[in-house]
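The values are calculated or read from the model by the stated rules, or taken from the named source; none is laboratory data. Predicted model, so just to flag it, every value in this text is computed and none were measured. FYI the Cβ positions are ideal-geometry reconstructions off the backbone, even for glycines, and counts take in every protein chain you see. To get the accessible areas, we keep the full protein, side chains included, count just its heavy atoms, and leave off ligands, DNA and RNA. Shrake-Rupley method; radii C 1.70, N 1.55, O 1.52, S 1.80 Å.
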Amino acid sequence: MTSTTTRSRSTARAAALGALVIGLAAGCGGDSGSDEAPAVQGPGASEEESGSAASDGASDDGASDDGATGADGGEAPAAGAAALPEDADLATEQLPITAEKAVEIGLGAAGGGELVQIEIDHDDDVWEWELEIVDGRRQHDLDIDATSGEVTEHDQDDDDDQDPAVDVTSPMPYAEAIEIALGQEQGRVSGWDLSSDDGRIHYTIDIDRSGDDDVEVEVDVETGEVRVDD
């Protein structure tokens, strides 16, 4: 009776020990598989990550678009700007590239300096700004497309004239000069020029009167004095 009980207890302990060994082995195998096997993601997680990546790409593209610059390093003109017709009236219609913007583009292309002359007219089927900029003893003559802002010509030479600097905003903005000129002569403003003559800075406003007759009206930027040249 005693022998039977001892064998039964030994058998039970052996079974328990065997179960423990099997459990430990299974646990070790599970940890190893967890370390080596890649995490499996469901469709929802995959789509979310794809959407995030697409969003990041769109953001990068957007930043690139917003940072677009022109050849002069400034902001590029808007693409597809509509050109004014040849018979446009500059007293009532504005060019895509304003005088101020043309000066900015010109100074950028010249690498700095002072504006000594600026002119706008319609030539070779395009509205074009013509600028003269002096940088030290160097003169830059630039043609700038008044629709696209493109510098179509840039010539350099020595400057011997030493003309005074001019400003399209001060002491007399070009819009004010045009208004003064039209108060003297009525018609369509087909172009204008800001330059100096013997140190006197003045605008020259080109006005087309009816009957294909044209006249130039000079307006002194300091005094507002007007002189008509038929």
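A few remarks follow.
- Of the criteria (1) closer than 15 Å to Ala91 by Cβ; (2) in contact with a helix residue (DSSP H, G or I) (Cβ under 6 Å, 6 or more places away or on another chain), which one Glu176 fails: (2)
- Entirely in the stretch 130-230, the strands (runs of 3 or more DSSP E) that have 3 or more residues that are under 35 Å from the mean Cα position of the chain (by Cα) and within 23 Å of Ala110 (Cα to Cα): 138-145, 151-158, 188-197
- Subset of the stretch 123-132 (residues that are at pLDDT 95 or above and either open to solvent by 50 Å² or more (accessible area, probe 1.4 Å) or within 21 Å of Ile201 (Cβ to Cβ) (or both)): Val126, Trp129, Glu130, Leu131, Glu132
- No other residue among Val116, Val126, Val219 is farther than 18 Å from Leu90 by Cα and β-branched (Val, Ile, Thr) apart from Val116.
- Cβ-Cβ under 6 Å pairs, at least 6 apart or on other chains, the stretch 212-230 side under 16 Å from Arg188 (Cβ atoms), far side open to solvent by 70 Å² or more (accessible area, probe 1.4 Å) and assigned to a loop (DSSP other than H, G, I, E, B): Val215/Asp230
- In the set (1) modelled with pLDDT of 95 or more; (2) surrounded by 10 or more Cβ atoms within 10 Å (Cβ to Cβ), Thr92 fails one condition alone, (2).
- Output for the stretch 97-121, where each listed residue is open to solvent by 50 Å² or more (accessible area, probe 1.4 Å) and either of a type outside the set (Asp, Glu) or out of contact with any Ser or Thr (no Cβ under 8 Å at 6 or more places or on another chain) (or both): Glu104, Leu107, Gly111, Glu114, Gln117
- Just so you know, in the stretch 133-156 the residues that are among the charged types (D, E, K, R) and open to solvent by 80 Å² or more (accessible area, probe 1.4 Å) include one that is nearest to Ala102 (Cα to Cα), and it is Glu150.
- The one condition in (1) open to solvent by 70 Å² or more (accessible area, probe 1.4 Å); (2) farther than 23 Å from Val219 by Cα; (3) modelled with pLDDT under 95 that Asp159 fails to fulfil: (1)
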